[in-house]
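A short write-up of the structure that comes next.
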Amino acid sequence: MKRILKNGITIRAVTALALAAFGAVSGQAADADNGGIDVVQIRPNFYMIGGAGGNIGVQIGADGVVLVNAGTAAAADQVSAALKKLTPLPIRYIINTNAEADFVGGNGKLAKTGKTIFINLLGGGGLADATSNGGAAAILAHDSILQRMSAPTGKAAPFPTEDWPTEAFYPKRQTLRMNGEGIEVMHQPAAHSDADSFVFFRGSDVVAAGDILDTTRFPVIDLEHGGSIQGEIDALNKLIELTVAPTPFIYSGPGTYVIPGHGHVCEQMEVVDYRDMVVTIRDTIADMIKQGKTLGQIKEASPVKAYQTQYGSNTGPWTTDMFIEAVYKSLTTAKK
């Protein structure tokens, strides 16, 4: 529910106006030498790199550079060049939010440009060399991501071994401390897929959401790899819980920033709007299913019509029809 201030103005509207006036995020379009890579400064020590596949989070400090995701393999050289313009410090960690090629394809190349924090283990052989990743930066991810990238025994792995996480964790939450702040990596089961995580930088107040949040389209529900509409909504609710709005002192600066898998940097109110959109569509399709409508009839009724202009597409790798079908199958499968 929106809270109303005097003269009928909502807190959400006032917040949006305040942030526009404050100039919360400074966009810095990279020069032509960066090959279409865009760098956006979010905090004094935190950046987002776009145009390299999935969005990349960049934390910089005395310990070195921590990346969230690595973009595509093809864009790795441009990303490396952009990082060198930001800092001479080496990459220490690459943290993956999911297992798609536009997020992990650059893992190996970028890790090799970095430097392990376990310098004392170099040349020790065996486990010591594995722990230090041969001197390269560490690649950290939930075990579900490693499983997706390495594939079951007997099948060709979809990614080369140099791209695989070198540190995989099993619990729902993994923590580390780099550059003077705590970092939480939180697994989100059965959301966009069965291999999704949030990365929360507690001091910088920035959350990297991966493909659970995509401001360029309806959320991709990868049913083949364990995704579900309810898991997507649960994950978005968790994301909202992690964020803080810039109230009551809305002119003093922005609240929590959220880096989506694709699209522009968001704040809490935008994540809430996105979640509400997904819930509305889920409920609409669920009601049509109760009425006995077929998938074809539901598509014909266009349950996403109110959001089609902003998020829909009739072409490309993820169309509106594909989204409706994924929601339908997720709901009907859950009933069985």
With label points set 7 Å from each Cα along the Cα-to-Cβ direction at Ile117 and Lys172, the distance between them in nm comes to 2.5
Contour minus Cα-Cα span, Met322 to Thr280, at 0.36 nm per residue, comes to 13.4 nm
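Rank by packing, highest mean first: peptides 59-65, 290-296, with packing defined as the count of other Cβ atoms within 10 Å averaged across residues.
Going from most to least packed, we get 59-65, 290-296.
Ordering Thr215, Thr161 from largest to smallest accessible area (1.4 angstrom probe), what's the sequence?
Result, largest first: Thr161, Thr215.
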Phi angles of segment 220-230, converted by Karplus (6.51 cos²θ - 1.76 cosθ + 1.60, θ = phi - 60°) into ³J(HN,Hα) in whole Hz with x for Gly and Pro, give 7, 9, 8, 4, 4, 10, x, x, 7, 5, 5
By the mean-Cβ-within-10 Å protection proxy, highest first, 232-241, 272-281 rank as 232-241, 272-281
Full extension between Lys238 and Ala306 adds, at 0.36 nm per residue less the Cα distance, a length in nm of 22.0 nm
Restricted to segment 194-336, the DSSP antiparallel beta bridge percent, nearest 5, is 45
Descending packing, highest mean Cβ count within 10 Å first, for 106-112, 223-229, 133-139 is 106-112, 133-139, 223-229
For Thr247 the rounded accessible area (nearest 10 Å², probe 1.4 Å, non-protein molecules ignored) is 70
In nm, the gap between the two label points placed 7 Å beyond Cα toward Cβ at Gln41 and Thr315 is 3.8
Beyond 22 Å (Cα-Cα) in this structure, taken from Lys84/Lys109; Lys84/Lys115; Lys84/Lys112; Lys109/Lys238; Lys238/Lys305, we find Lys109/Lys238; Lys238/Lys305
Projected onto the charge dipole of segment 197-295 (unit charges on the beta-carbon of Lys, Arg, Asp and Glu, signs +1, +1, -1, -1), the Cα from Ser204, Gln268, Ile289 with the largest positive-side position is that of Ile289
The alpha-carbon center of segment 269-336 and that of segment 39-99 are separated, in whole Å, by 34
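The values are calculated or read from the model by the stated rules, or taken from the named source; none is laboratory data. This structure is a prediction, so every number in the text was calculated from the model and none was measured. Here the Cβ is made from the backbone with ideal geometry for all residues, glycine too, and neighbour counts use every protein chain on show. With ligands, DNA and RNA removed, areas are computed over all heavy atoms of the protein, side chains included. Shrake-Rupley method; radii C 1.70, N 1.55, O 1.52, S 1.80 Å.
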